[in-house]
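The values are calculated or read from the model by the stated rules, or taken from the named source; none is laboratory data. All figures in this text were calculated on a predicted structure; none of them were measured in a lab. Quick reminder, even Gly has a Cβ in these numbers, built from the backbone with ideal geometry, and neighbours come from all protein chains shown. Just so you know, the surface numbers come from the protein's heavy atoms only, side chains and all, with ligands and any DNA or RNA stripped out. Shrake-Rupley method; radii C 1.70, N 1.55, O 1.52, S 1.80 Å.
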Amino acid sequence: QVHLAESGGGLVQPGGSLKLSCVASGSISSDNRVAWYRQAPGKQRELVASFTSSGTTYYVDSVKGRFTISRDSVKNTMYLQMNSLKLEDTAVYYCNKVSFPLHAWGQGTQVTVSS
């Protein structure tokens, strides 16, 4: 069973940057497509960015050009570099794979963008 632990969130001003990390207790090397998700207050969880084992990336339109997803399969870690943060990026961020069945969700990491 894979346990996911996200970290790196915090309070940042608009235009600032954060880098999130997700460490998997088990191997995620067999997960073809892994992703970062986020859930803002009162909204459904949405997929923000994904990364396939072949290196293909996907970004939701609202973060294109600002966020970069990457993974280190050796370290069982994935990252989300977030630049030019906006107020609407405020949410709890989670990592997981894309295909079902998903791994158990971690606790997430809170990102708050506020002036």
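Treating only the Cβ of Lys, Arg, Asp and Glu as charged (+1, +1, -1, -1), what charge dipole size does the chain show about its Cα centre? Round to the nearest 20 debye. Could the numbers behind the result be given before it?
On the way: 11 positive and 7 negative charges, 14 e Å.
Charge dipole of the chain: 60 debye, to the nearest 20.
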Share antiparallel - DSSP beta bridges, the chain, percent rounded to 5: 90
Where N is the number of residues in the chain, Cα Rg divided by 2.2 N^0.38 Å: 0.99
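With r defined as the distance between the Cβ atoms of Gln1 and Gln81 and R0 fixed at 30 Å, what FRET efficiency is calculated, to the nearest 0.05? Walk me through the numbers before you get to the answer.
Working: r = 28 Å, r/R0 = 0.94.
Once the sixth-power term is evaluated, E becomes 0.60.
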Once exposed loop trypsin sites (Lys or Arg not before Pro) are cut out (DSSP; at most 12 other Cβ, 10 Å), longest piece of the chain: 1-42
Cα centroid separation, the stretch 1-47 to the stretch 71-99 (Å): 4
Per DSSP, loop chymotrypsin sites (Phe, Trp or Tyr not before Pro) in the stretch 7-115 with at most 12 further Cβ within 10 Å: none
Accessible carbon and sulfur surface of the chain relative to its total accessible area, %, 1.4 Å: 51
